[in-house]
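Here is the structure we will look at, set down as structure tokens.
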Amino acid sequence: MDYEETQYGFFVIIVFVLIIIFMFLAYSGQWGTRPITKVPFLIMSGFFIFILVLFYKLNIKIKENQIKITYGIGLIRIRIRPEKVFDLETFRVPWYWGMGIRLTPKGWLYSLNSFKAVIIKYGIKGKIKKILIGTPDPEQLKSAIEHYFSSITEKDRF
């Protein structure tokens with residue numbers, strides 16, 4: 001039972017597309033008393049397009065040997081080996097923690113459009129770390145993770 005979930009950040013897409021359209025209109029119409037020139041327009045448009053392709057979607061994949069979290073086109077990705085996971089819990093994310101990649105009091109949050117998450121505690125190099133993965137259906141994600149960890153004993157996990 002492989003698990004895969006893809007979330008699209010419609011808020012991110014809409015905001016960045018509107019910013020790019022506004023900049024194009026400001027450049028082509030030469031708005032204002034000091035209109036934007038070609039080079040700053042291209043640099044700023046390129047920057048916003050780059051941010052858009054980095055964060056337009058969040059993909060969560062669970063296979064037998066890893067949990068893989070990927071943003072956008074795949075430049076930002078996190079992998080966790082299942083044998084290192086030792087605790088899972090669902091969590092309601094406060095709205096003011098925002099979306100994207102954030103450091104929160106509970107650990108690193110990877111979310112795009114959900115106020116629900118699964119907290120994954122795992123050990124690596126003798127340290128305990130926590131991440132939160134935002135998902136519209138945290139129970140399904142939690143059960144998919146538990147499915148792969150059911151054969152791992154507590155001693156083997158950490």
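No lab work stands behind these numbers, since they all come straight from the coordinates. Computed from a predicted structure; not experimentally measured. In this analysis, Cβ positions are derived from the backbone assuming ideal geometry, glycine residues included, and neighbour counts consider all displayed protein chains.
Projecting the Cα atoms of TYR96, LEU75, PRO40 onto the dipole axis of the chain, where Lys and Arg carry +1 and Asp and Glu carry -1 at the beta carbon, places PRO40 farthest toward the positive end. For LYS106, go through the lysines and keep the ones whose alpha-carbon is under 21 Å away, minus same-chain ones fewer than eight residues off. Qualifying lysines at Cα under 21 Å: LYS68, LYS84, LYS116, LYS121, LYS125, LYS127, LYS129, LYS130, LYS142.
Taking K and R as +1 and D and E as -1, what net charge do the other residues with C-beta under 11 Å from the C-beta of GLU4 add up to? Write down the numbers at each step before the final one.
Numbers: positive: LYS61, LYS63, LYS68; negative: ASP2, GLU5.
Every neighbour counted, the sum reads +1.
Please give the contour-minus-distance gain from ILE128 to LEU103: 0.36 nm per residue of separation, less the Cα-Cα distance, rounded to one decimal in nm.
Length difference between fully extended and current span is 7.4 nm.
Give the shape of the stretch 32-72 as rounded, prolate or oblate, defined through the alpha-carbon gyration tensor: a ≥ b ≥ c are the square roots of its eigenvalues, a/c under 1.5 means rounded, and otherwise the shape is prolate if a/b is larger than b/c and oblate if not. It comes out prolate by the Cα gyration axes.
Here the stretch 74-157 is assigned +1 on the Cβ of each Lys and Arg and -1 on the Cβ of each Asp and Glu. Its dipole about the Cα centre then comes out at about 460 debye. The distance from the alpha carbon centre of the stretch 94-118 to that of the stretch 23-84 is 18 Å, rounded to a whole number. If both residues of a DSSP beta bridge must be in the chain, then about 90% of such bridges are antiparallel.
Distant-in-sequence amide contacts of THR135, defined by a placed amide H-H separation under 5 Å and a gap of 5 or more residues or a different chain, comprise LYS116, ALA117, VAL118. Highest mobility in the GNM of the chain, judged by mean-square fluctuation with C-alpha springs under 10 Å and restricted to LEU25, LEU75, LEU54, is found for LEU25. What residue among ALA144, ALA26, ALA117 shows peak mean-square fluctuation when the chain is described by a Gaussian network model with Cα springs under 10 Å? Largest GNM mean-square fluctuation: ALA26. Expressed to the nearest 5 percent, the antiparallel share of DSSP beta bridges inside the stretch 74-157 is 85 percent. Here the chain is assigned +1 on the Cβ of each Lys and Arg and -1 on the Cβ of each Asp and Glu. Its dipole about the Cα centre then comes out at about 640 debye.
Within the stretch 74-157, the percentage of alpha carbon pairs spaced more than 15 angstrom apart rounds to 57%.
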